[in-house]
Ligand code: AR6
């Protein structure tokens, strides 16, 4: 596992994970950046898939991204912590791994799912992300390289501290 500060659309891994919405319609944040970089074929493929429940993922091609695959994870909207947000967020990381295994993908890049527009507290989300990824890495040898791609220094600091504490 490593922490990188930067733009996930430029990361060359087998799959980048997107923070999508359940309609799988182009939005803002990392989703908007991924659509802009991948090109219009991405929305066409997502429209054929149709949608995805919160806590789950769908996989598409990467089109013009350096990454050949995109795993679209639908994180929970933060509603104060009483709407099962923690387990839905954990489920995003776990189902991304399940899809990666099914497709034989060794390297993944994750953004900080739900911590932007969806308002999930950053420190709490970081703990959930790191714990889920550590556990998944220990279960199976398919995925061997996970990068947490942080768009700002605050998020990168939270991830570095969380990894250092383990
Ligand atoms: N690379 C890496 N991380 C990024 C990038 C980037 N290019 N751009 C933003 N981030 P958000 P959410 C960070 O809002 O909270 C969309 O409209 C950002 O700083 O992208 O899960 C979707 O369609 C933050 O740390 O996703 C959904 O409707 C993290 O990515 C909704 O937003 C996630 O922020 C999903 O909201």
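Annotation: of all residues in region 63-87 being part of a loop (DSSP other than H, G, I, E, B) and surrounded by 21 or more Cβ atoms within 10 Å (Cβ to Cβ), the one that is farthest from the chain's Cα centre (by Cα) is 65. Take the conditions (1) part of a helix (DSSP H, G or I); (2) surrounded by 22 or more Cβ atoms within 10 Å (Cβ to Cβ); (3) within 16 Å of the ligand (Cβ to nearest atom); residue 90 misses just one of them, which is (2). Residues of region 69-84 include at least one that is without any contact (Cβ under 8 Å) to a residue 40 or more places away in the chain and within 19 Å of residue 29 (Cβ to Cβ). Looking at region 104-121, is at least one residue over 12 Å from the mean Cα position of the chain (by Cα) and assigned to a helix (DSSP H, G or I)? No, there is no match, as no residue in region 104-121 is over 12 Å from the mean Cα position of the chain (by Cα) and assigned to a helix (DSSP H, G or I). For region 1-22, filtered to residues that are within 8 Å of the ligand (Cβ to nearest atom) and outside any strand (DSSP E or B), the residue that is nearest to the chain's Cα centre (by Cα) is 8. Selection over region 127-157 of residues that are within 10 Å of the ligand (Cβ to nearest atom), more than 17 Å from residue 18 (Cβ to Cβ) and in contact with a helix residue (DSSP H, G or I) (Cβ under 8 Å, 6 or more places away or on another chain) gives a count of 1. Residues of region 23-57 that are surrounded by 15 or more Cβ atoms within 10 Å (Cβ to Cβ) and more than 13 Å from the ligand (Cβ to nearest atom): 45, 56.
All of the numbers you see were taken from the coordinates with simple rules; none came from a lab. No experiment lies behind these values; they were computed from the predicted model shown. So basically every Cβ, Gly included, is an ideal-geometry build from the backbone, and we count neighbours across all protein chains shown.
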